Amino acid sequence: MKIKLNKVQKIKVLNSSMLFLVMQQVLLREDEIERDQEHFYVVSLASNNRLLNVELVGLGAVDESLVKPMQVFRIALLKGAVKIILAHNHPSLEMWPSDADKELTDRLIQVGRVVNVEVSDHMIFTPEEYYSFDDHGLMKVLRNSKKWVPPYEEEERIRNEALKIGLEKGLKKGKKEGLKEGKNKGKLEAAREFLRNGVDIDIVVKSTGFSKEEIETLAKTVH
């Protein structure tokens, strides 16, 4: 359900308090919707933080909203938004996020990374006050969460980090032993790092250029 905004409300959202003023007005004027239910909104923003759209995507029971990821990002993608802010009310007037609120935010952050739309904040609000995940440092914590990271992405991250570490070590040694030999030692260090992190042998072979037999032999020496 699209929420109609007037020109005054289509502001540049520079902080959470500015958005709260808009959401406060939205909630108070929705007389046709039960106020004892949670309303889950998606606020779409342009690159300059101008408010593009507010969409009601979920209407749940008193203590939960039923929200699916593609409902959240559908309008944002159609509007060409580069970031979104999640917002929902707590009819209980409780301001602290529930475990379910954190879980949903964690998941949507990862979906946003896939579709290239940043989830920049999640706001819980009542007609009188609000709680911002970002203001309280919770968004930073959730962005570092690995729970909903796709396995291939985590694997790629480990591979890149290990390769970087290995090459750095190898290049340092290469100053004395020659650049080529240093790179080879760097790959060897990277291979060891992959194996320590449990990366599949076939992936280590592709990433380092060593033969499968060489990696299998190396694996026996890694602890």
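The values are calculated or read from the model by the stated rules, or taken from the named source; none is laboratory data. Bear in mind the structure is a predicted one, so any value in this text is a computation, not a measurement. Cβ: placed from backbone, ideal geometry, glycine included. Neighbour counts: every protein chain shown.
Descriptive notes on the structure:
- When residue 72 is tested against (1) in a helix (DSSP H, G or I); (2) out of contact with any helix residue (DSSP H, G or I) (no Cβ under 8 Å at 6 or more places or on another chain), just one condition goes unmet, and that condition is (2).
- Selected residue (criterion: modelled with the highest pLDDT) from residues of region 13-52 that are over 24 Å from residue 97 (Cβ atoms) and surrounded by 12 or more Cβ atoms within 10 Å (Cβ to Cβ): 46
- Region 109-135, residues that are modelled with pLDDT of 85 or more, in a loop (DSSP other than H, G, I, E, B) and either among the hydroxyl-bearing types (Ser, Thr, Tyr) or surrounded by 13 or more Cβ atoms within 10 Å (Cβ to Cβ) (or both): 117, 133, 134, 135
- Check on residue 106, among the acidic types (Asp, Glu), crowded, with 16+ Cβ neighbours inside 10 Å and in contact with a Ser or Thr (Cβ under 8 Å, 6 or more places away or on another chain): yes
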